[in-house]
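> My structure is below; once you've seen it, I'll send some questions.
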Amino acid sequence: MRTNYKLQRLYCDSPLAKNLTIGISAEQAHYLLRVLRMRDGDEVLVFNGRDGEWRSTLRLDGRKKALLNLTKCERPQTQAPDLVFCFAPLKTGRLDYLVQKAVEMGAGTIQPVITHHTQITKFGEKRLRANIIEAAEQCGVLFIPELKKALKFETFLDGWNTKRRLIFCDEACEDNNPIDRLNKTGKAPIGLLIGPEGGFSDQERQRLMASPFATSIPLGPRILRADTAAVAALAVVQATIGDW
């Protein structure tokens, strides 16, 4: 069942059930009342990633506060997709874009990986989570992808669940058809790894190539920026062996 795109969607971590009245944050109230110019009695869709999506009625609580009265379950809760999206962090603006697109493309888990050529090793997890939530609100998903703690490349591979296929983009891949390579991976759960600007180091690539659970795929004859490569790879993976 598709979401009602005519109504504003809002993420709220409170339990959701019929006839409940829940509070929202000051930032959310400001957005609804001041930015969107919503009024008392307007309808909003609200979700928490656990209890489905609910139609609610906006109620003013003073000049700057607001409440939501839950009236009807619009969509039951669905499971988060079983796709683990792994990436080397980029500079802030492009990192925001990359994470937002990963949510839109169906990532259920988001895992930062610090590689040898990673430009940014420290980044704001709070900001990343805010971007994840905003993307979920806008694209109509009912889940909030889990944001994992950043791991160094070696630690990441050492702890990888070998029952999950790890697909990584490799500029040196001899094959030129990612779909053929993806079709040979079978029906195992999927992880997708996007490297940094400058690609994986020789040692990292050798480690990936030697890992029996890893599959390299090409992304065409042109060199893509890391954020572009992420969107392209997600589209190819999802269309070929994912949940599309």
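> Kindly indicate which of Ala107, Ala130, Ala102, Ala136 is assigned to a loop (DSSP other than H, G, I, E, B) and under 27 Å from Ile24 (Cβ atoms).
After applying the criteria, what remains is Ala107.
> Further, regarding this structure: Do you know which residues across segment 125-160 are without any contact (Cβ under 8 Å) to a residue 24 or more places away in the chain, within 13 Å of the chain's Cα centre (by Cα) and surrounded by fewer than 16 Cβ atoms within 10 Å (Cβ to Cβ)?
Ala130
> Give Arg55, Arg94, Arg9 a once-over and let me know the one that is within 30 Å of Cys169 (Cβ to Cβ), among the basic types (Lys, Arg) and within 27 Å of the chain's Cα centre (by Cα).
Just one listed residue meets the conditions, Arg94.
> Can I ask one more? As an exercise: evaluate Lys122 against (1) part of a loop (DSSP other than H, G, I, E, B); (2) open to solvent by 20 Å² or more (accessible area, probe 1.4 Å); (3) in contact (Cβ under 8 Å) with a residue 40 or more places away in the chain; (4) not β-branched (Val, Ile, Thr) and give the number of the one condition it does not meet.
Against the list (1) part of a loop (DSSP other than H, G, I, E, B); (2) open to solvent by 20 Å² or more (accessible area, probe 1.4 Å); (3) in contact (Cβ under 8 Å) with a residue 40 or more places away in the chain; (4) not β-branched (Val, Ile, Thr), Lys122 comes up short only on (3).
> Give, as residue ranges, the strands (runs of 3 or more DSSP E) completely inside segment 25-96 that count at least 1 residues that are free of Cβ contacts under 8 Å to residues at least 60 places away in the same chain and open to solvent by less than 10 Å² (accessible area, probe 1.4 Å).
43-47, 53-60, 66-75
> Which of the residues belonging to segment 97-119 are open to solvent by less than 40 Å² (accessible area, probe 1.4 Å), farther than 23 Å from Lys152 by Cβ and without any contact (Cβ under 8 Å) to a residue 60 or more places away in the chain?
Listed by number, the list holds a single entry, Val103.
> Could you count how many residues in segment 1-23 are among the β-branched types (Val, Ile, Thr) and farther than 12 Å from Ser56 by Cα?
Selection size over segment 1-23: 1.
The values are calculated or read from the model by the stated rules, or taken from the named source; none is laboratory data. No experiment lies behind these values; they were computed from the predicted model shown. Positions of Cβ are backbone-derived with ideal geometry, glycine not excepted, and every protein chain shown enters the neighbour counts. Each accessible area value is taken on the protein alone, full model and side chains, heavy atoms only, with ligands, DNA and RNA left out. Shrake-Rupley method; radii C 1.70, N 1.55, O 1.52, S 1.80 Å.
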